[in-house]
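Report on the following structure.
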Ligand code: PLP
Ligand code: TYF
């Protein structure tokens, strides 16, 4: 029955992990997948997460029953308030509702499924974007288009192209936006640029869908990283926002996320949530409990929340420090070209400007693993390997 099924190519990012693991060279470096590593290149379980986990295991009142279809309510409510802000007009007027999802990916997919069923329109994603956006929106049945985002000449935002595309898109299109720490470019619009983007989206009666995978992880400040979403809410937009706790709480494999909707009026929320529940029921039935319990404890307890924000800052600051060190090393080596984008870009990734041929030499000769588009995960660098990395970059740029 399956003779006609062709072999699919491996996922470009996850395959890098496989290649890296198989490499026996002792000084190999993995700057491929976006996952936090500490100074010793090891994954970091946040102490506040350990604390919450222990409390959950000890809690005799907890069992392994199913969660409701829409997940753990204390989690989804706290999650919505985390991104929207406690004093958001949407929160004060009860114009929001959340559904617990299989992390950020699942939130994007549920949002895509919901839009496909109830507000079908062409969807525009940034060029470039997180590769999975193409697949998720296509598989959900939507017509996928892109808007310009990266201007290689200035190694920055292609604002004019972006605005022109928003203005030229069919009325009522869907625009997927990264509110902070754009993946893969590390370039975010400034507050003034967000104003222009919001104006253009309003003029076209388009629908904004924020994919927020890095709140607090980008700047170390949860409010600052939520500013774009909050601005749109203050401006009166209805919107969707997908949240992931993979990076900012380090719960990657626990698949903990949330899809929140903001509507014009409170009476619309139950209807929308009920339809999201129908879609959720038909895809995963109900979401997993453990990660949501951890996040719910952290977000709803003042003391744990304070510990989390401290630990979040440790991660964000280590990454920011690695940017400074890498920039200093390339300057010291006199590596041809300008490298200030390394310190100007934000979040987990630097879009280096290295081309696919240079990336290949880095992999084949230096055992350094990064995606073909020249993106590096700053978390893969540490004080032990960063000089080796800089010298390898210096070599490929000169040759
Ligand atoms: N969206 C973007 C832009 C991302 O970069 C990521 C993770 O890298 C995700 C969504 C979702 O990740 P997860 O499914 O682990 O929450
Ligand atoms: O590094 C990145 O951009 C992501 C990481 O289920 C990732 O693709 C890996 C697996 C996954 C979600 C995100």
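The values are calculated or read from the model by the stated rules, or taken from the named source; none is laboratory data. Small disclaimer: the values here were computed from a predicted structure and weren't measured. Reconstructed Cβ throughout: ideal geometry from the backbone, glycine too, with neighbour counts over all protein chains shown.
In region 239-250, of all residues being outside any strand (DSSP E or B) and within 14 Å of ligand 2 (Cβ to nearest atom), the one that is surrounded by the fewest Cβ atoms within 10 Å (Cβ to Cβ) corresponds to 250. Of the residues examined, residue 29 is one that is in contact with a helix residue (DSSP H, G or I) (Cβ under 7 Å, 6 or more places away or on another chain) and within 16 Å of ligand 2 (Cβ to nearest atom). If the condition is being touching a helix residue (DSSP H, G or I) at 6+ places or on another chain (Cβ under 6 Å) and in a loop (DSSP other than H, G, I, E, B), then region 218-230 contributes 218, 219, 220, 226. A Cβ distance below 6 Å, combined with a sequence gap of six or more or placement on separate chains, defines the contacts here; from region 11-34, residues that are assigned by TED's automatic domain parsing to the domain that holds residue 364 reach residues that are away from ligand 2 (no atom under 14 Å from the Cβ) and part of a loop (DSSP other than H, G, I, E, B) in the pairs 23/367; 25/367; 28/367; 29/385. Screening region 96-172 for helices (runs of 4 or more DSSP H) wholly inside it with 1 or more residues that are within 12 Å of ligand 1 (Cβ to nearest atom) returns the ranges 103-118, 132-139.
When residue 106 is tested against (1) surrounded by 14 or more Cβ atoms within 10 Å (Cβ to Cβ); (2) farther than 29 Å from residue 277 by Cβ, just one condition goes unmet, and that condition is (2).
Just to be sure, is residue 253 more than 23 Å from residue 97 (Cβ to Cβ), surrounded by fewer than 24 Cβ atoms within 10 Å (Cβ to Cβ) and within 12 Å of ligand 2 (Cβ to nearest atom)?
yes
In the set (1) within 16 Å of ligand 2 (Cβ to nearest atom); (2) surrounded by fewer than 21 Cβ atoms within 10 Å (Cβ to Cβ); (3) over 18 Å from residue 104 (Cα atoms), residue 191 fails one condition alone, (1).
Does residue 236 qualify as being outside any helix (DSSP H, G or I), assigned by TED's automatic domain parsing to the domain that holds residue 144 and either modelled with pLDDT under 95 or within 16 Å of ligand 1 (Cβ to nearest atom) (or both)? Criteria not met by residue 236.
Residues in region 262-277 that are in contact with a helix residue (DSSP H, G or I) (Cβ under 8 Å, 6 or more places away or on another chain) and surrounded by fewer than 23 Cβ atoms within 10 Å (Cβ to Cβ): 263, 272, 275.
Among the residues in region 135-154, are any farther than 22 Å from residue 88 by Cα, within 16 Å of ligand 2 (Cβ to nearest atom) and in contact with a strand residue (DSSP E or B) (Cβ under 6 Å, 6 or more places away or on another chain)? Among the residues of region 135-154, at least one is farther than 22 Å from residue 88 by Cα, within 16 Å of ligand 2 (Cβ to nearest atom) and in contact with a strand residue (DSSP E or B) (Cβ under 6 Å, 6 or more places away or on another chain), which makes the answer yes. The residues in region 239-264 that are touching a strand residue (DSSP E or B) at 6+ places or on another chain (Cβ under 6 Å), more than 10 Å from residue 105 (Cα to Cα) and within 8 Å of ligand 1 (Cβ to nearest atom) can be counted, and the count is 1.
Filtered by the rule that a residue be over 25 Å from the mean Cα position of the chain (by Cα) and under 20 Å from residue 185 (Cβ atoms), region 358-374 gives 358, 362.
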